[in-house]
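What follows is calculated from the coordinates using simple rules that are stated; it is not laboratory data. These numbers come from a predicted model, not from an experiment. Cβ: placed from backbone, ideal geometry, glycine included. Neighbour counts: every protein chain shown.
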C-alpha cells in the first residue's frame, strides 16, 4: 500500500536579506531535525534528512515587493525539549520572540513562536493529548 501523500509538498519563503534568513532558519530548524538538504547561490531547501517532503524553500526575493511577509508557518517538534531548543536557537540567530515556549491548552500543544528576519511568524509545535 502506498503511503499517503503529504498535505503540503513545499513552501517558498522569499527573503529580503538571504544571509540573515538562512542563518535564522538553519539554526531554528536544526533542533527539529530539519536541515538544509540543498544549497545554491540565494537558495536553501530544508527538509528531514530521511525524506525531502514536505520541504521549505528559502530564496532571495528578486524585488522588495516579492519579500514574504505575514506568513505563519508551524513546524512539528518531537518533544517539549525540541520546542525549547527551537526558541533558544531562533532568538540567538536573530529572530524575535513572539511567545516563549508554553502549553497552549486550547490547541492541546506545547508551542513557541518567533518572528523571522522579515517578520513572519515561525512556530514549533508539539501536540499533546490531554
Might you check whether a residue that is buried (at least 16 other Cβ atoms within 10 Å of the Cβ), touching a residue at least 12 places away in the same chain (Cβ under 8 Å), farther than 28 Å from residue 4 by Cα and touching a helix residue (DSSP H, G or I) at 6+ places or on another chain (Cβ under 9 Å) occurs anywhere in segment 61-79? yes
Assess whether residue 57 counts as being in contact (Cβ under 8 Å) with a residue 24 or more places away in the chain, within 12 Å of the chain's Cα centre (by Cα), part of a strand (DSSP E or B) and more than 21 Å from residue 127 (Cα to Cα). yes
Please enumerate the residues belonging to segment 101-130 that are closer than 18 Å to residue 71 by Cα and either assigned to a loop (DSSP other than H, G, I, E, B) or more than 14 Å from the chain's Cα centre (by Cα) (or both). 116, 117, 118, 119, 120
Does residue 40 count as surrounded by 14 or more Cβ atoms within 10 Å (Cβ to Cβ), over 10 Å from the mean Cα position of the chain (by Cα) and over 14 Å from residue 90 (Cα atoms)? no
Where residue 46 falls short, out of the listed (1) buried (at least 18 other Cβ atoms within 10 Å of the Cβ); (2) under 22 Å from residue 128 (Cα atoms); (3) touching a strand residue (DSSP E or B) at 6+ places or on another chain (Cβ under 8 Å): (2)
The lone condition residue 35 fails out of (1) under 20 Å from residue 124 (Cα atoms); (2) crowded, with 17+ Cβ neighbours inside 10 Å is (2)
Out of everything in segment 89-126 that is without any contact (Cβ under 8 Å) to a residue 24 or more places away in the chain and touching a helix residue (DSSP H, G or I) at 6+ places or on another chain (Cβ under 8 Å), what residue ends up being nearest to residue 27 (Cα to Cα)? 97
What is the residue count in segment 14-40 for residues that are out of contact with any helix residue (DSSP H, G or I) (no Cβ under 9 Å at 6 or more places or on another chain) and without any contact (Cβ under 8 Å) to a residue 60 or more places away in the chain? 6
Selection within segment 72-100 - within 24 Å of residue 9 (Cα to Cα) and part of a strand (DSSP E or B): 72, 73, 74, 75, 76
Residues in segment 1-25 that are in contact with a strand residue (DSSP E or B) (Cβ under 6 Å, 6 or more places away or on another chain) and within 23 Å of residue 126 (Cβ to Cβ): how many? 6
